[in-house]
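Have a look at the structure below before the remarks.
The values are calculated or read from the model by the stated rules, or taken from the named source; none is laboratory data. In this text the structure is predicted, and so the values were computed from the model without any measurement. Cβ atoms come from the backbone with ideal geometry, glycine included; neighbour counts cover every protein chain shown.
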Amino acid sequence: MKEQIVCKTSDLEPGQMKASLFGKQSVVICRTLDGEFYAFLNQCTHQGAPLDKGMICGATTEESQPGEYHYCRKGEIIRCPWHGREFDIKNEGRMLANPNKKLPNYNVKIENDHVIIYK
Amino acid sequence: MTTNQFAIVDTDIHERVQYKDILKYLDEPFRHYITNCHWIQEKHMPYTQPAVAGVDRADAITPDGRPGGSDLAFMQKQLLDDIGHEYGILTSALDPSPSSMHGWYEMATALASAYNDWQIEEWLDKDDRLYGSVHIAAQDRDAAIKEIERVGSHPKMVQVLLPIDDIMWGDPFYHPIFEACEKHQLMIGMHHNEPPVYYGKWPRYFIEWHTLIPTAHMKQVTNMIFNGVFDKFPKLGLIMIEGGFTWVPHLMWKMDQQYRDLRHEVPWLKRKPSDIFKQQIKVTTQPAEELTKQEFASLVEQMGTDEILCFSTDYPHWDYDSPTRALPKMDPELKKKIFAENAKAFYPKLPK
């Protein structure tokens, strides 16, 4: 099993993300508002855009009636820098508009203030 | 290092001017109206900006924070060099946009001239790969023709841009513009602007507007064909930019069927509409729907020719199409045509 330190925990405030390398592969490390870390392949499933250039934000939910907006899930959604597709950090990187699609993700553990990812 | 292994002619690249950069090209008193009176073009879009960084790719913002498309060196690095463009056609960022101003045609005319001079000096003269579009304020037809006469013979100006807005350009009143284009071997490029797809006002949601942009393109194509533009100007070509392409077979079938029934109303049409389309109209690919290889091949077959589609990225806009990811796999001959040869065949001034 391959593991690798990709950054320090202090490199990311809650609600932030950054690109790193896992071997030769560009990965995006995300930290949600509860302090947890997640890691995904740093490529949108659509046309390959670098996700770390997008934003971490919240989302409007599907429970809305026409004309209603509920903004929630703050800090839990990656939005692609190109076409704006939304991926759910806490649900395996699944795409909000099509949950059958998901970002390839990595296991994450924290040891001695190091963020380590492994397959 | 380039990422592609095939020739690319990109038929839609949006360079962007900042007001402060265009001032030195602008005649008085119009410079005064911007510098002293703080004029900016009215903008209407009532929605949130569509994606993460407004209408641009978030990673296209320049390192010093200017909007995507503002800086030639950054565009070269991120787009032209990285992808390995053979040629790219500049189509502007429409801000300011002389051809879509609904009033004050004098300002629009002055802006068009300034924009053309800025484009030639700052872009076309500085990168051999880039070719340009003549901007005109076509609302003032005669002033527009003067501008075509002024810059249309520039060797790197390949088309005249007309907005898809609230004027239908096939009206015989505008035919002298096409005559001037033909004289200078300029094609017509049409691109939608921010005003509405249907005439009158915006729909309630951005997603409705953006979904239906192709209908605005279909209206202009139908209008240009049935008003007889293409028989009157046989060397003129029209390229529809950024309306996608999956509508093309539908419109060909519909126009041909209508022509069989109603030809008596448009006796100046000498060819069936789909033949005019095949011979004189091109369509850029972006924004491409996600089609399978089979769906895409079937669609091209339904068009009756593989010489209509011209690849475009729409860089630096948010709905950019990647040359390696946006379209499905296709056979090498078709790929050559769509990614380069169709555009080269279309623009007489583009090197073959």
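When you scan segment B:48-72, how many residues do you find that are touching a residue at least 12 places away in the same chain (Cβ under 8 Å), part of a loop (DSSP other than H, G, I, E, B) and not small (Gly, Ala, Ser)? Result for segment B:48-72: 8. Applying the condition of being among the polar types (S, T, N, Q) and at pLDDT 95 or above to segment B:139-160 and asking which residue is farthest from residue B:12 (Cα to Cα) yields B:153. Would you be able to say whether some residue in segment B:297-311 is part of a loop (DSSP other than H, G, I, E, B), within 30 Å of residue B:52 (Cβ to Cβ) and either more than 14 Å from chain A (Cβ to nearest Cβ) or touching a residue at least 24 places away in the same chain (Cβ under 8 Å) (or both)? Looking through segment B:297-311, at least one residue is part of a loop (DSSP other than H, G, I, E, B), within 30 Å of residue B:52 (Cβ to Cβ) and either more than 14 Å from chain A (Cβ to nearest Cβ) or touching a residue at least 24 places away in the same chain (Cβ under 8 Å) (or both).
From the list B:128, B:117, B:81, which one is away from chain A (no Cβ under 14 Å) and part of a loop (DSSP other than H, G, I, E, B)?
B:128
For segment A:98-106, the criterion of a residue being outside any strand (DSSP E or B), polar (S, T, N, Q) and either under 23 Å from residue B:49 (Cβ atoms) or touching a residue at least 24 places away in the same chain (Cβ under 8 Å) (or both) is satisfied by no position.
Residue-by-condition table, conditions (1) in contact with a strand residue (DSSP E or B) (Cβ under 7 Å, 6 or more places away or on another chain); (2) part of a strand (DSSP E or B); (3) under 30 Å from residue A:98 (Cβ atoms); (4) among the aromatic types (Phe, Trp, Tyr):
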| residue | (1), (2), (3), (4) |
| --- | --- |
| B:257 | no, no, no, no |
| B:268 | no, no, no, yes |
| B:279 | no, no, no, no |
| B:289 | no, no, yes, no |
| B:295 | no, no, yes, no |
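Taking the stated definitions as given, is residue B:98 in contact (Cβ under 8 Å) with a residue 12 or more places away in the chain, of a type outside the set (Ser, Thr, Tyr) and more than 14 Å from every other protein chain (Cβ to nearest Cβ)? Considered against the rule, which asks whether it is in contact (Cβ under 8 Å) with a residue 12 or more places away in the chain, of a type outside the set (Ser, Thr, Tyr) and more than 14 Å from every other protein chain (Cβ to nearest Cβ), residue B:98 comes out as yes. Residues of segment A:33-92 that are surrounded by 21 or more Cβ atoms within 10 Å (Cβ to Cβ), small (Gly, Ala, Ser) and assigned to a loop (DSSP other than H, G, I, E, B): A:49, A:54. Only a single criterion out of (1) touching a Lys or Arg at 6+ places or on another chain (Cβ under 7 Å); (2) within 13 Å of chain B (Cβ to nearest Cβ) is not satisfied by residue A:16, namely (2).
When residue B:255 is tested against (1) in contact with an Asp or Glu (Cβ under 7 Å, 6 or more places away or on another chain); (2) more than 24 Å from residue B:9 (Cβ to Cβ); (3) among the aliphatic types (A, V, I, L, M), only condition (1) is not met.
Restricting attention to segment B:17-66, the residues that are over 23 Å from residue B:102 (Cα atoms), within 14 Å of chain A (Cβ to nearest Cβ) and surrounded by 13 or more Cβ atoms within 10 Å (Cβ to Cβ) add up to 12. Looking only at residues in segment B:232-255 that are assigned to a helix (DSSP H, G or I) and out of contact with any strand residue (DSSP E or B) (no Cβ under 7 Å at 6 or more places or on another chain), the one that is surrounded by the most Cβ atoms within 10 Å (Cβ to Cβ) is B:252.
No other residue among A:25, A:43 is in contact (Cβ under 8 Å) with a residue 12 or more places away in the chain and within 13 Å of chain B (Cβ to nearest Cβ) apart from A:43. Look at residue A:53 and say whether it is of a type in the set (D, E, K, R), in contact with a Ser or Thr (Cβ under 6 Å, 6 or more places away or on another chain), within 14 Å of another protein chain (Cβ to nearest Cβ) and touching a residue at least 12 places away in the same chain (Cβ under 8 Å). No; evaluated as a whole, the condition is false for this residue. Within segment B:266-296, the set of residues being within 14 Å of another protein chain (Cβ to nearest Cβ) and in contact (Cβ under 8 Å) with a residue 24 or more places away in the chain comprises B:285, B:286, B:287, B:288, B:289, B:291. What about residue B:28, is it acidic (Asp, Glu), over 23 Å from the mean Cα position of the chain (by Cα) and not in a helix (DSSP H, G or I)? Taking the combined requirement at face value, the residue satisfies it. Remark: pairs (first residue in segment B:325-344, more than 14 Å from chain A (Cβ to nearest Cβ) and among the polar types (S, T, N, Q); second residue in a loop (DSSP other than H, G, I, E, B) and surrounded by 15 or more Cβ atoms within 10 Å (Cβ to Cβ); Cβ separation under 9 Å; 6+ apart in sequence or on different chains) = B:342/B:306; B:342/B:307; B:342/B:308; B:342/B:311.
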